Amino acid sequence: MGTQWREHRRIMGRHDKAVAKGQIRIATAHRHRQDRAVITNDHGWLDIVQQAIPGIERRLKYIHFGIPADGHDVSIGQGTKRLVFRGQTDLLRDRDHRISGLAHLIGKGVNRTLGDNRLKPSRLHRPGHNHQATDMAETSAHFPRKQRTARHVISPIQKASGVNCPDWYHCHGLRRCNSCYATATHHRTARTPIPDHHLFDARRTMKNAALYYHPDGYRTDGKKLMGRQAAGESFLRGYLAYADTDTVYALSPTRHHLQDFDRFCKEHDRRETPLRKVGIIDQNDPAVGDVGAIFLPGPNLEEYAWKRRRMAPTNYSLTGVTHTTASEGAMAHIAKMLTAPVEPWDALICTSTFVRKTVDRLQDNYSAYLAERLDCAPIKPKLQMPVIPLGIFADDYDRPAAERARHRARLRKQFLIGENDIAVLFVGRLSFHAKANPLPMLIALEELAKSMPGGHRVHLIQAGWFANDAIGKAFDEAQAALSPSVVHHLANGRDSDIRVNIWHAADIFCSLADNIQETFGLTPVEAMAASLPVVVSDWDGYRDTIVHNETGIRVPTILPQMQGGIPLAERYEDEHINYDQYCAESCMSTTVDIRHTVEAFRALANDPGLRKQMGAAGRCRARAIYDWRVVVPQYQALWAELGERRLAAQQAAPAQPAPRVHAANPLRANPLDIFADYPTLQLTDATRIFVSEIDPTVLRKASQSILVNLSGNKFVGASKLGQAMFSVVKQAGDDGITVAELTAKFPEAEHIRMPSTLGWLMKIGALRVADADIAITPATTGPATPAE
């Protein structure tokens, strides 16, 4: 993307030179990395543009003069008086926005129509394209959004439809309406009811979300591999494969993360026609409102809800997902949803029924505290909390019988597993304190090994990885001490061959999770997809995924009395123990019943028919419930439902952004608000400003001093805006000018910078206020001086 953007800027530089020469007149601003311009050409556009930008025909890859729905260029023939164009790159706009990316031609001679009301194909065609006429009703329904500029041009299409309000250009909401060419946000801004015909147009786009992308949430090729990363990577791969969309959106504040997202998509997009990729930098970019939702790979909705409050809260929905709920940060995110500005059109996706109950307990406890502290009724969360499971690619594990047999023979030969031996498999991170303590499994397998017929052996294959050598040594010692009769095999769980095919070498899968940071557990579902019967603990998400005595056997688990956890929580809060120690201590007081584990192993080891029956049932369940083909539509259905809630809220009570005098987030307060009592005077609109009587030489040196200039800061420091403001005040003469009058003389786009710039001008001594406004009273607000 960087190469395309640099090329585009180089071309735009040539265009700017032409503007300076007076060959082309331009009225626009470059905002949100989208370049739009109105080119006025009284003599025919082609010759002048070709003179200004040589080789423009070859640059249509980067600057498109028109991209209608079919991807063809639109005719812009001789006599065109105005042309709007816009730079395009792979990561800037989606394919649904091709029409909003269409450089709609405004004025005489533009969009010349044929008798059947269709657009003429482009004369600047690209080889190999079948140029067909495009339905003008379709293209005009998606008029491009114009950014705030000093000049507004109303198109003939707008005039014909009666939409001629400049605010129409400022809409940051849904796509353009097919009937009136406005948006729901336009009606909200104008405080007019949203017509019913908007609803269908909006619902077409509400099944998608901008995916917040950080490599740490989706990449499994880093040094440290966690369950949330494996789940995140699987989700994104599933979304790329099965989402009902032709465009995938990524939201990230850093451009190199968007580039990594692009690489991820190229690695994992399985479609014959790859999805179009759209990168969005700013959470409150209008493009997010067009998509309709943001998906976060964690439960941290509250921080994004505060940022959304800078705009209208109905602009888009926020959705997050639970992974671990045991960490201090996760608990805080979940509890803060009670006081953060989350809305009924937001959602926290819980991956299992029992995670949902954990979230309910956390919020109930915090709600009880708030009710007691504030003497109010208990606070209930506004957002939705549906249960949607994690998913898998069932085809990766459910291979044809011949292929399974081939891998089984190869791997069992590699591990020296006999035909009548029983191989038990564990897959995942090998951690006795933070994942699954192997002690119950080792003791139970030793009992199984002792009861096996002569010549039949029990093998334990642990396909995983250790975080460090100390953990690996602990496993070795435990295996030697607790299960000496079992043949132990360690396989690299990060090796692609092992990760995909090790399932076929086993007879039974086992995962006795007992850790509070576990929430779902993907490996038993993967085992079911591979037609393996499973032995798992009756713990967290396993209670949802495994049907007891049908797809596997769940072993009972036991926790100590509730009050026993208070010292543990307090020592963790006081930082006497770290997170690993916190998880380890809770794990080591959690019971996985050993006797029932032995019985489960014996039942499956001694009955090949039962193993086959449970394996077949598990395979059907994995495909029917946990395949991404089934799970991804649930995400999209949720986003559509949240979109319906947003539309209803827009119609019922038009929402307005938070007042700009106060910060949207009260915990990130406006310093010019909360510290307003510090100074002698705070400027208001009525304050009158004058030019100071200061030596111009001193003023020039002060304005250039490093003491009052911050590199790259556009709010304070020497600037053209500051020079212009100084000139306006100087022209006002001895009478001065009020702050409100000064502000009115500048474009609205500059108003956000003017208060800080005005303060900077006064700081360097260029401007001043009347002495009467800053007279200091002799009285003090502090304690009186004691009498001698």
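The values are calculated or read from the model by the stated rules, or taken from the named source; none is laboratory data. Keep in mind it's a predicted model, so treat the numbers as computed, not measured. Glycine gets a Cβ as well: all are built from the backbone with ideal geometry, and neighbour counts include every protein chain shown. Surface areas here come from the heavy atoms of the whole protein model, side chains and all, with no ligands, DNA or RNA. Shrake-Rupley method; radii C 1.70, N 1.55, O 1.52, S 1.80 Å.
Summary table below
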read-out: Test: residue in the range 510-519 that is touching a residue at least 60 places away in the same chain (Cβ under 8 Å) and not in a loop (DSSP other than H, G, I, E, B); value: yes
read-out: Identity of the residue in the range 555-609, free of Cβ contacts under 8 Å to residues at least 60 places away in the same chain, hydrophobic (A, V, I, L, M, F, W, C) and part of a helix (DSSP H, G or I), that ends up most open to solvent (accessible area, probe 1.4 Å); value: Met562
read-out: Some residue of the range 465-485 being among the basic types (Lys, Arg), surrounded by fewer than 17 Cβ atoms within 10 Å (Cβ to Cβ) and assigned to a loop (DSSP other than H, G, I, E, B); value: no
read-out: Lone qualifier among Gly320, Gly292 - being touching a helix residue (DSSP H, G or I) at 6+ places or on another chain (Cβ under 9 Å) and without any contact (Cβ under 8 Å) to a residue 40 or more places away in the chain; value: Gly320
read-out: Candidate set from the range 700-723 (those that are of a type in the set (Val, Ile, Thr) and open to solvent by 40 Å² or more (accessible area, probe 1.4 Å)); member that is nearest to Arg768 (Cα to Cα); value: Val716
read-out: Close pairs (6 angstrom Cβ cut-off, 6 or more residues apart or separate chains): of a type in the set (Lys, Arg) in the range 710-733, outside any helix (DSSP H, G or I) anywhere; value: Lys730/Val691
read-out: All positions within the range 492-506 that are touching a strand residue (DSSP E or B) at 6+ places or on another chain (Cβ under 9 Å) and open to solvent by 10 Å² or more (accessible area, probe 1.4 Å); value: Asn492, Arg494, Asp495, Ile498, Arg499
read-out: Within the range 532-552, tally of residues that are open to solvent by 10 Å² or more (accessible area, probe 1.4 Å) and touching an Asp or Glu at 6+ places or on another chain (Cβ under 7 Å); value: 2
read-out: Hits in the range 364-387 (condition: closer than 22 Å to Thr314 by Cα and among the basic types (Lys, Arg)); value: Lys380, Lys382
read-out: Hey, Ala617 assigned by the TED database to the domain that holds Ala209 and either in contact with a helix residue (DSSP H, G or I) (Cβ under 7 Å, 6 or more places away or on another chain) or surrounded by 16 or more Cβ atoms within 10 Å (Cβ to Cβ) (or both) or not; value: no
read-out: Residue list for the range 207-225, filter: among the hydrophobic types (A, V, I, L, M, F, W, C) and part of a strand (DSSP E or B); value: Ala210, Leu211
read-out: Number of the condition not met by Arg768 [criteria: (1) open to solvent by 40 Å² or more (accessible area, probe 1.4 Å); (2) in a helix (DSSP H, G or I); (3) closer than 23 Å to Thr684 by Cα; (4) touching a residue at least 60 places away in the same chain (Cβ under 8 Å)]; value: (2)
read-out: Answer residue from the range 216-226, given it is open to solvent by 40 Å² or more (accessible area, probe 1.4 Å) and under 18 Å from Leu296 (Cα atoms) and is modelled with the lowest pLDDT among those; value: Met226
read-out: Matching entry among Arg263, Arg255, Arg271 (being under 18 Å from Val631 (Cβ atoms), in the same structural domain as Thr324 (by the TED database) and of a type in the set (Lys, Arg)); value: Arg271
read-out: Exclusive hit being more than 30 Å from Arg309 (Cα to Cα), among the aromatic types (Phe, Trp, Tyr) and modelled with pLDDT under 95, set Phe715, Phe726; value: Phe726
read-out: Hits in the range 724-748 - residues which are hydrophobic (A, V, I, L, M, F, W, C) and open to solvent by less than 70 Å² (accessible area, probe 1.4 Å); value: Ala724, Met725, Phe726, Val728, Val729, Ala732, Ile737, Val739, Ala740, Leu742, Phe746
read-out: Residue, most open to solvent (accessible area, probe 1.4 Å), within the range 234-248, restricted to residues that are farther than 11 Å from Val631 by Cβ and among the polar types (S, T, N, Q); value: Thr245
read-out: Matching residues, the range 485-507, being of a type in the set (Val, Ile, Thr) and over 37 Å from the mean Cα position of the chain (by Cα); value: Val486, Val487
read-out: Test: residue in the range 202-213 that is farther than 27 Å from Gly464 by Cα, open to solvent by 30 Å² or more (accessible area, probe 1.4 Å), at pLDDT below 85 and of a type outside the set (S, T, N, Q); value: yes
read-out: Breaking point among (1) assigned to a strand (DSSP E or B); (2) without any contact (Cβ under 8 Å) to a residue 24 or more places away in the chain, for Ala368; value: (1)
read-out: Residues satisfying the stated conditions in the range 314-349, i.e. of a type in the set (S, T, N, Q) and either in a helix (DSSP H, G or I) or under 24 Å from Lys435 (Cβ atoms) (or both); value: Thr314, Asn315, Thr322, Thr324, Thr325, Ser327
read-out: Any hit, the range 724-737, residues being among the hydroxyl-bearing types (Ser, Thr, Tyr), over 15 Å from Leu699 (Cα atoms) and more than 40 Å from the chain's Cα centre (by Cα); value: no
read-out: Matching entry among Ser692, Ser703 (being among the small types (Gly, Ala, Ser) and at pLDDT 90 or above); value: Ser692
